[in-house]
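Notes for the one structure printed next.
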Amino acid sequence: PALKKADCGIAVANATDAARAAADIILTAPGLSVINEAIKQARITFERMKSYSIFRVAETIRIILFMTLSIVVFNFYPITALMIIILALLNDIPILAIAYDNTKIQTEPVRWNMPEMLTVASTLGITGVLSSFLLFFILMELKFSTEMIQSFMFAKLVIAGHGTIYNTRIDDWFWRRPYPSWILFGATFSTRVLGTLIAVYGFLITPIGWIYALYMWAYALAWFVFNDVIKMATYHFLRQRGLYG
């Protein structure tokens with residue numbers, strides 16, 4: 001009866017079945033350490049969900065906005081329908097690996113700050129669109145064929161897009177702890193290598209060769225560092241001014 005009347009009834013590990021049935025929380029081990037572990041795991045899950053949400057919104061803006069503006073403004077299809085399918089399949093693997101990433105464990109209660117997350121994600125998404133258009137204009141000036149430009153853009157979206165996960169996984173510089181888990185690193189690296197091989201050897205697309213593929217990696221790396229600077233500047237601006245709480 002006492003457990004039922006309590007606002008939050010807690011049954012210990014060796015409680016009777018009746019007490020367990022009436023309790024709101026059941027401790028699965030002796031002591032209160034199980035509660036600490038539950039809070040820890042909940043905060044880890046929260047950070048992973050936050051990382052996924054920022055990455056998903058940023059990547060959607062990068063791809064959809066870039067494609068839409070390219071088609072509407074320039075009447076140019078930056079990637080083919082087949083490339084979109086391959087890109088979507090390759091994106092799924094790193095997204096699943098986020099569930100196994102190492103995250104920062106906050107020492108204070110956390111809450112869902114949607115405006116801040118959307119602002120950071122939108123900022124990263126817009127910088128991604130700018131980087132894509134800059135590459136597009138460079139390739140147009142160099143007089144590459146339409147098929148070659150599409151292969152270049154495919155390689156760029158795979159290599160740079162999967163690198164965005166390292167920008168979004170923590171609200172700190174990308175080289176700071178906690179470091180990415182081996183599962184996440186393996187997933188993002190393997191998909192970028194696979195995307196590079198598809199672009200280099202032309203699996204159902206026009207091949208670009210190894211030299212141009214290395215240029216794409218260097219281009220993506222330069223923008224990755226720039227994106228991290230933009231991310232930190234955005235966080236600093238929002239939190240210093242107390243915007244969105």
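The values are calculated or read from the model by the stated rules, or taken from the named source; none is laboratory data. All figures in this text were calculated on a predicted structure; none of them were measured in a lab. Don't worry about glycine lacking a Cβ; one is built from the backbone with ideal geometry, like all the others, and counts go over all protein chains shown.
Out of curiosity, is Ala187 in a helix (DSSP H, G or I), more than 20 Å from Tyr215 (Cα to Cα) and within 14 Å of the chain's Cα centre (by Cα)? Break it down into steps so the answer makes sense when it comes.
Working: in a helix (DSSP H, G or I): yes; more than 20 Å from Tyr215 (Cα to Cα): yes; within 14 Å of the chain's Cα centre (by Cα): yes.
So Ala187 fits the description; yes.
Consider region 200-221. How many of its residues are touching a residue at least 60 places away in the same chain (Cβ under 8 Å), within 26 Å of Ala121 (Cβ to Cβ) and of a type in the set (A, V, I, L, M, F, W, C)? Steps first, answer last, please.
The first filter runs over region 200-221 and keeps only residues touching a residue at least 60 places away in the same chain (Cβ under 8 Å), leaving 204-206, 208, 212, 216, 219-220.
Checking which are within 26 Å of Ala121 (Cβ to Cβ) leaves us with 216, 219-220.
Next, only the ones that are of a type in the set (A, V, I, L, M, F, W, C) stay: 216, 220.
Qualifying residue count, region 200-221: 2.
Are any of the residues in region 170-179 assigned by TED's automatic domain parsing to the domain that holds Asn75, out of contact with any Lys or Arg (no Cβ under 8 Å at 6 or more places or on another chain) and in a helix (DSSP H, G or I)?
Looking through region 170-179, none of the residues is assigned by TED's automatic domain parsing to the domain that holds Asn75, out of contact with any Lys or Arg (no Cβ under 8 Å at 6 or more places or on another chain) and in a helix (DSSP H, G or I).
Six or more apart or on different chains, Cβ under 7 Å: which pairs go from a residue in region 175-199 that's surrounded by fewer than 16 Cβ atoms within 10 Å (Cβ to Cβ) to one that's among the polar types (S, T, N, Q) and in a loop (DSSP other than H, G, I, E, B)? Could you list them?
Cβ pairs passing all conditions: Pro178/Asn102; Pro178/Thr103; Tyr179/Asn102.
Got a sec? Which helices (runs of 4 or more DSSP H) wholly within region 27-117 have at least 1 residues that are over 30 Å from Phe136 (Cα atoms) and touching a residue at least 60 places away in the same chain (Cβ under 8 Å)?
Values: elements: 33-60, 66-74, 81-97.
Fully inside region 27-117 and qualifying: 33-60, 81-97.
Using the structure shown, decide if Ile159 is of a type outside the set (Asp, Glu), outside any loop (DSSP other than H, G, I, E, B) and more than 21 Å from Ile64 (Cα to Cα). Even if it seems obvious, please write down each step before you answer.
Details: of a type outside the set (Asp, Glu): yes; outside any loop (DSSP other than H, G, I, E, B): yes; more than 21 Å from Ile64 (Cα to Cα): no.
Answer is no for this residue.
How many residues are of a type in the set (Asp, Glu) and surrounded by 15 or more Cβ atoms within 10 Å (Cβ to Cβ) if we restrict to region 18-38?
As a first pass, look at region 18-38 and keep what is of a type in the set (Asp, Glu): 24, 37.
Filter once more, keeping what is surrounded by 15 or more Cβ atoms within 10 Å (Cβ to Cβ): none.
Matching residues across region 18-38 total 0.
With the checklist (1) outside the structural domain of Leu204 (by TED's automatic domain parsing); (2) in contact with a helix residue (DSSP H, G or I) (Cβ under 6 Å, 6 or more places away or on another chain); (3) hydroxyl-bearing (Ser, Thr, Tyr) in hand, flag the one item Thr16 doesn't pass.
Condition (2) is where Thr16 drops out.
Right, Phe224: part of a helix (DSSP H, G or I) and touching a residue at least 40 places away in the same chain (Cβ under 8 Å) or not? It would help to see each step written out before you state the result.
Details: part of a helix (DSSP H, G or I): yes; touching a residue at least 40 places away in the same chain (Cβ under 8 Å): yes.
For Phe224, the condition - part of a helix (DSSP H, G or I) and touching a residue at least 40 places away in the same chain (Cβ under 8 Å) - is met.
Aromatic (Phe, Trp, Tyr), crowded, with 16+ Cβ neighbours inside 10 Å and in contact with a Gly (Cβ under 6 Å, 6 or more places away or on another chain): is that true of Phe224 in this structure? Please lay out each step first, then the result.
Details: aromatic (Phe, Trp, Tyr): yes; crowded, with 16+ Cβ neighbours inside 10 Å: yes; in contact with a Gly (Cβ under 6 Å, 6 or more places away or on another chain): yes.
Against the criterion (aromatic (Phe, Trp, Tyr), crowded, with 16+ Cβ neighbours inside 10 Å and in contact with a Gly (Cβ under 6 Å, 6 or more places away or on another chain)), Phe224 qualifies.
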